[in-house]
1. Round to a whole angstrom and tell me the spacing of the C-alpha centers of segment 194-264 and segment 509-557.
2. Relative to the Cα centre, what is the charge dipole magnitude of segment 496-606, using +1 at the beta carbon of each Lys and Arg, -1 at the beta carbon of each Asp and Glu, and rounding to the nearest 20 debye?
3. Note down the Stokes-Einstein diffusion coefficient of the chain in µm²/s, whole number, using a Kirkwood radius over alpha carbon pairs, 37 °C, and 0.692 mPa s.
4. Give me the extension gain from Arg383 to Thr562: residue separation times 0.36 nm, minus the current Cα-Cα distance, reported in nm with one decimal.
5. Please give the charge dipole size of segment 309-421, origin at the Cα centre, charges +1 on K and R Cβ atoms and -1 on D and E Cβ atoms. Round to the nearest 20 debye.
6. In nm, to one decimal, how far is the Asp8 label point from the Ala470 one, both placed 7 Å along Cα→Cβ?
7. Any chance you could give the angle, 0 to 90 degrees and rounded to 10, that helix 31-41 forms with the longest Cα principal axis of the chain?
8. Regarding segment 515-606, what is the average projected area of its C-alpha convex hull, in nm²?
Amino acid sequence: MAYINLEDCLKDLESTGQLLRIKEEVDPYLEMAAIQMRVYGEDGPAILFEKVKGCKYRATSNIFGTLERSKYIFRDTLSKVQDLIELRNNPIQAIKHPFKNLNTGIVALKGLPIKKPSYIHIPFEEIKITDLPQIHHWEKDGGSFITLPQVYTENIEKPGTMRSNLGMYRVQILGNEYVTNEEVGLHYQIHRGIGVHQSIANKKNLPLKVSIFVGGPPAHTLAAVMPLPENLSELTFAGMLAGRRFRYYYQDGYCISADADFVITGEIYPNETKPEGPFGDHLGYYSLQHDFPVMHVHKVFAKKEAIWPFTVVGRPPQEDTSFGALIHEITGNAVEQEIPGLKAINAVDAAGVHPLLLAIGSERYTPFDSKKQPAELLTLANRILGTGQLSLAKYLFITADDTNQLSVNNIESYFKYILERIDWRRDIHFQTNTTIDTLDYSGTGLNAGSKVVFAAYGNQIRSLAIELPACLKELRNTNAKIVLPGIVALQTKAFSNYADAEKEMQELNILLRDKTESLIEIALIILCDDADFVAEKLNNFLWVSFTRSNPSHDIYGINSFTRYKHWGCENALIIDARIKPHHAPALIKNEAVEKRVDEILKRNRG
């Protein structure tokens with residue numbers, strides 16, 4: 001079904017019982033976000049907020065809250081778009097099956113953006129930034145933000161829609177030092193397309209024109225987050241997935257989406273920044289205040305009956321988790337096709353996506369050698385860490401399975417398999433003083449930290465304990481819990497500084513280095529602040545272990561050594577995942593707001 005606008009989609013969802021209307025007035029300060037998180041956590045329907053306090057516009061969330069709902073929304077176009085993505089990733093198929101792929105080419109042509117003639121009236125009215133829903137998601141956020149923007153820019157050297165970039169970068173519309181109604185903050189991370197356009201404009205000492213679209217057909221929102229093949233524009237993808245060409249026109253030199261509910265236009269000047277944030281982010285912590293580009297607002301437009309879409313990010317899973325599932329559904333094994341020898345990869349959502357990758361590859365370099373050890377896996381690891389967004393990963397576990405039974409999505413089984421085989425003396429490979437995710441504060445600075453590759457291949461070399469060994473039970477002033485087979489959460493005193501941490505690790509090593517027989521079935525020890533929490537469920541282990549540690553600084557080992565600049569350990573590996581003073585604070589829900597949400601949902605559910 002080709003939705004003309006966002007309201008078309010919501011009416012369709014309501015006709016099949018997939019929409020919850022909140023009819024009473026709701027506060028955009030914390031309440032709306034809390035309702036979204038509650039309903040998402042219950043696998044609930046999309047939400048339409050009919051009365052937003054202090055604003056005449058309605059708002060909606062949780063449209064993409066389940067993969068099943070997204071498949072329903074795109075039921076007429078999803079398979080055709082999947083075929084096109086597959087064709088772009090594997091063009092040889094077009095040669096082998098030319099008639100089979102004829103329809104795919106037609107779909108692509110139908111997706112091309114179309115410029116609307118100037119005489120056709122688009123029913124926008126001009127408004128101000130303060131007229132928009134001022135949604136404040138978490139208590140310590142720096143102000144209100146747009147969380148589902150479609151940020152459009154062009155290359156000033158090669159202007160036009162087909163070389164444009166449409167990305168999703170959060171926009172702060174109120175708070176901090178921004179001049180109300182005149183400035184907004186634009187936050188984008190490294191490895192983003194808008195950065196290329198801004199760099200070109202900066203070199204010419206020219207402002208970069210920016211158009212921020214909000215709303216419109218859901219396909220337009222999804223297009224802004226899609227990792228697309230080379231030379232497939234986001235606007236074309238949006239048209240194909242929507243089943244209706246992306247319609248646009250230019251006003252005052254700015255591209256305007258004719259189907260958007262809201263449009264904000266403005267300019268970013270070279271080297272001009274202002275403090276942006278804090279903002280409760282998808283790792284489950286606040287991203288702190290930093291200088292990011294400031295956009296000078298030119299005009300703000302809205303349709304008369306416009307609806308403001310938003311989402312909430314926080315500790316996974318949230319709606320962006322479902323976004324990820326939908327993206328994977330569309331792109332399939334695109335990454336595996338890009339990296340020969342890579343069979344599967346999982347950017348683990350529960351760990352915040354970028355901090356942890358699990359991969360399975362091939363090991364074919366020396367089939368004649370009876371000794372099995374990582375070789376091709378190391379080549380694959382380097383390729384993975386040099387590919388797009390995967391390059392922001394912090395921990396990469398990679399192995400090979402000759403039986404093809406292992407899955408990167410069965411995380412418990414994956415850890416069991418790799419920990420049974422990994423040789424900590426040989427299989428640890430660090431990258432220090434490098435880039436990590438902008439939102440990850442476990443490193444040494446903004447975008448700065450380290451990476452580690454754990455590459456294991458071969459026969460099983462250890463069994464894994466399912467009960468706590470006596471030597472760990474006997475440690476004083478600690479609390480130890482089995483998390484998974486061979487993995488122990490060890491609660492110790494709070495982290496103070498790295499000098500003290502080194503001493504604490506030396507003391508722990510002295511206590512355990514002669515207990516190697518007892519520890520033989522323990523492969524990994526996680527130092528933490530709350531062992532009961534870490535051991536309670538798998539997602540807690542993944543979140544704490546890999547978001548609160550910097551490999552170069554926080555990995556230790558029992559009987560460790562350095563030989564020819566290679567670091568390893570004879571016995572269990574230790575990851576210090578205690579909270580550090582430089583870490584960003586974790587996101588905490590407001591109990592009073594949660595109680596109000598209980599009452600609001602009780603009154604508005606049928």
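The values are calculated or read from the model by the stated rules, or taken from the named source; none is laboratory data. Computed from a predicted structure; not experimentally measured. Here the Cβ is made from the backbone with ideal geometry for all residues, glycine too, and neighbour counts use every protein chain on show. Each accessible area value is taken on the protein alone, full model and side chains, heavy atoms only, with ligands, DNA and RNA left out. Shrake-Rupley method; radii C 1.70, N 1.55, O 1.52, S 1.80 Å.
1. What the calculation gives is 45 Å, centre to centre.
2. Details: 15 positive and 18 negative charges, 130 e Å.
I would put it at about 620 debye.
3. Values: Rh = 25.9 Å.
Rounded to a whole number, D works out at 127 µm²/s.
4. Working: separation 179, 0.36 × 179 = 64.44 nm, distance 2.56 nm.
Length difference between fully extended and current span is 61.9 nm.
5. Values: 9 positive and 13 negative charges, 69 e Å.
For this selection, approximately 340 debye.
6. Result for the modelled spin labels: 7.3 nm.
7. With both axes taken from Cα atoms, the answer is about 60 degrees.
8. On the way: hull surface 38.9 nm².
Projected area, direction-averaged: 9.7 nm².
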